[in-house]
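For reference, the structure discussed in these notes is given below.
The values are calculated or read from the model by the stated rules, or taken from the named source; none is laboratory data. Keep in mind that this is a model prediction, so the values were computed, not measured. Methodologically, a virtual Cβ is constructed for each residue, glycine included, from the backbone with ideal geometry; neighbour enumeration extends over all protein chains shown.
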Amino acid sequence: MASRAVTGRFYRAVAGAAVIGAISLLGRLEFLPDPVMAVAFLFCGGLVAGLLTPGTAKDGAIAGAACGVLAALIAASMVTLMSLAESRPQYPPPWITFGFYALILTALLLPYNAIGGAAGTAVRNGVRRSGTADGHGRGLWFGIGIGTAVIAGSTLVLVFIAPFVVIVPLAGGFIAGYFAGTRPEDGLEAGLVAALFGTGLFLIPFLWTASHAEGFAAGLAGMVAVGLGLLFPLLGTAAGAAGAVVRQSFGKEQGRNPGGPED
């Protein structure tokens, strides 16, 4: 059953990645204006993967994230093959070219396709409360919402101070994982979704600066966007699992001593 679910997610990710490839082709042929192509490139692959994904919006977000990673790896491979075909001496070795583009494209495509995937599954479900009508579902999305807000809102403070860069995704992921339930795997997924949503919102001003500024400011904003786009989901996911474990431990302590401390 688990292998079937993994296979299903893979096929949905492939379908979404194919849509991203088609959008890229339309953009190169100048069938799409640049602003439309940019939005479609970031969101539409995940949206298609989400539309094909049954379950909750969280399942769609994970399918969209897988689509973004797959598309990034395919695009990096294509760029590497093109550099080999041209075989110019100024190009770096193929593994450096692949790694460079894989990191940049993953940082861009992963969080935004996750948002698109969540939206696609929400549309598929008719924005009904499928799988979230109970208290657990409401608590799950409450935690994800708070975690997303913590991560996204931190763009308004001095995030370049090293402790903030680490604390922000850890705090957001922990909150999402704590409200997700007592199973570590639930906390891990909730932390991942909150980190992806928060990262996507967090990176908007950095990506705008990288696209519209010039010189050192544009380069620095781009490097920050790539670095944090890769770091935040990793830290948020780990913190989400930790949050669920802490809640489980807290529940066990409450069960051992339901009447409170003894005198």
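Of the residues that sit in segment 1-31 and are among the charged types (D, E, K, R) and modelled with pLDDT under 85, which one is nearest to Leu73 (Cα to Cα)?
Step by step, filter segment 1-31, then rank; the result is Arg9.
From the set of residues in segment 44-89 that are touching a helix residue (DSSP H, G or I) at 6+ places or on another chain (Cβ under 9 Å) and among the hydroxyl-bearing types (Ser, Thr, Tyr), which is surrounded by the most Cβ atoms within 10 Å (Cβ to Cβ)? Within segment 44-89, the match that is surrounded by the most Cβ atoms within 10 Å (Cβ to Cβ) is Thr53. Put simply, of Phe10, Phe41, Phe31 the only residue that is in a helix (DSSP H, G or I) and loosely packed, with under 15 Cβ neighbours inside 10 Å is Phe10. Residues that are more than 24 Å from Gly147 (Cα to Cα) and either surrounded by 15 or more Cβ atoms within 10 Å (Cβ to Cβ) or among the hydrophobic types (A, V, I, L, M, F, W, C) (or both) within segment 198-220 comprise Thr209, Ala210, Ala213, Phe216, Ala217, Ala218, Leu220, listed in sequence order.
Among the residues of segment 110-117, are any small (Gly, Ala, Ser) and at pLDDT below 85?
First, pick out the residues of segment 110-117 that are small (Gly, Ala, Ser): 114, 116-117.
After this cut, where a residue has to be at pLDDT below 85 as well, the list is none.
Looking for residues that are small (Gly, Ala, Ser) and at pLDDT below 85, one finds none in segment 110-117, hence no.
Among the residues of segment 162-180, those that are at pLDDT below 90 and surrounded by fewer than 24 Cβ atoms within 10 Å (Cβ to Cβ) comprise Ala162, Pro163, Phe164, Val165, Val166, Ile167.
Return the residues of segment 149-161 that are at pLDDT below 70 and either within 20 Å of the chain's Cα centre (by Cα) or in a helix (DSSP H, G or I) (or both); say none if nothing qualifies. Scanning segment 149-161 gives Thr155, Leu156, Val159.
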